[in-house]
């Protein structure tokens, strides 16, 4: 679904479930820093993270949420997310000074800044939980304190990421996937109160089904002490 049609459907309140799943799917192309288009792959001598859709729930004013603790009182299993950004135009050297936005759903599968519609019945339009921005340090690293994401129909557990240059130029929109299977964090969390009945695994997810090798995080920890996520994402800067 083209973005302009998706936004129009929001205004008239007529988004159907199939339309939502389409809006969450892969973008065909997204401009990179050089003005060309890419859906991920190799740039120079290293691999860029695939370009994915921002989805229907992007942060409306990301510059307003410069913070490392993005919980805003939301309850769930502690998640410390460490994201390293590298420059695929410079041999995947660490990219310092980049702006990194992340956002994800809560334990029940709802997003802040949206709701009260057919797409998400719970109205969270006036709150901003589980959204934040940080600037990469000299090693390309940003760290966020959050909760382990829940899930919603049609999608595997995931985190959205938008990387900008220090001047605010968009470099990459992508998503982070989580390991699955017995003993994984996804299995340990078990969908919170919802369980995992009806859960969509990575292999069947409309964003991740073509492979997650460049988007799959390393996740360790447990439900008592919390989880630690780490991932390195290449962007053309």
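The values are calculated or read from the model by the stated rules, or taken from the named source; none is laboratory data. The structure presented is a predicted model; accordingly, all values stated were derived computationally and were not measured. Virtual Cβ from ideal backbone geometry, glycine too; neighbours counted across all protein chains shown.
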Those residues of region 66-91 which are touching a residue at least 60 places away in the same chain (Cβ under 8 Å), closer than 28 Å to residue 222 by Cα and not in a strand (DSSP E or B), in sequence order: 67, 68, 70, 71, 74, 75, 76, 77
Pick from region 92-111, criterion over 15 Å from the mean Cα position of the chain (by Cα) and assigned to a strand (DSSP E or B), ranking: surrounded by the most Cβ atoms within 10 Å (Cβ to Cβ): 94
query: Which of the residues belonging to region 202-230 are in a strand (DSSP E or B) and within 16 Å of residue 52 (Cα to Cα)?
result: 216
message: Can you find a residue that is assigned to a strand (DSSP E or B) and at pLDDT 95 or above anywhere in region 180-201?
response: no
- prompt: Quick one: is residue 209 surrounded by fewer than 17 Cβ atoms within 10 Å (Cβ to Cβ), within 16 Å of the chain's Cα centre (by Cα) and touching a residue at least 40 places away in the same chain (Cβ under 8 Å)?
  reply: no
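Quick one: in region 121-133, of everything that is in a loop (DSSP other than H, G, I, E, B) and in contact (Cβ under 8 Å) with a residue 40 or more places away in the chain, which residue is surrounded by the fewest Cβ atoms within 10 Å (Cβ to Cβ)?
The initial filter retains those residues of region 121-133 that are in a loop (DSSP other than H, G, I, E, B), namely 121-130.
Narrowing further to those that are in contact (Cβ under 8 Å) with a residue 40 or more places away in the chain: 127-130.
Working: 127: 14, 128: 19, 129: 22, 130: 28.
Here the residue is 127.
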- line: Among 224, 136, 218, the single one that is buried (at least 19 other Cβ atoms within 10 Å of the Cβ) and modelled with pLDDT of 95 or more is 136
query: Is there a residue being farther than 22 Å from residue 59 by Cα and touching a strand residue (DSSP E or B) at 6+ places or on another chain (Cβ under 7 Å) anywhere in region 151-172?
result: no
message: So residue 197 ticks every box in (1) more than 22 Å from residue 221 (Cα to Cα); (2) in contact (Cβ under 8 Å) with a residue 24 or more places away in the chain but one. Which box is left unticked?
response: (2)
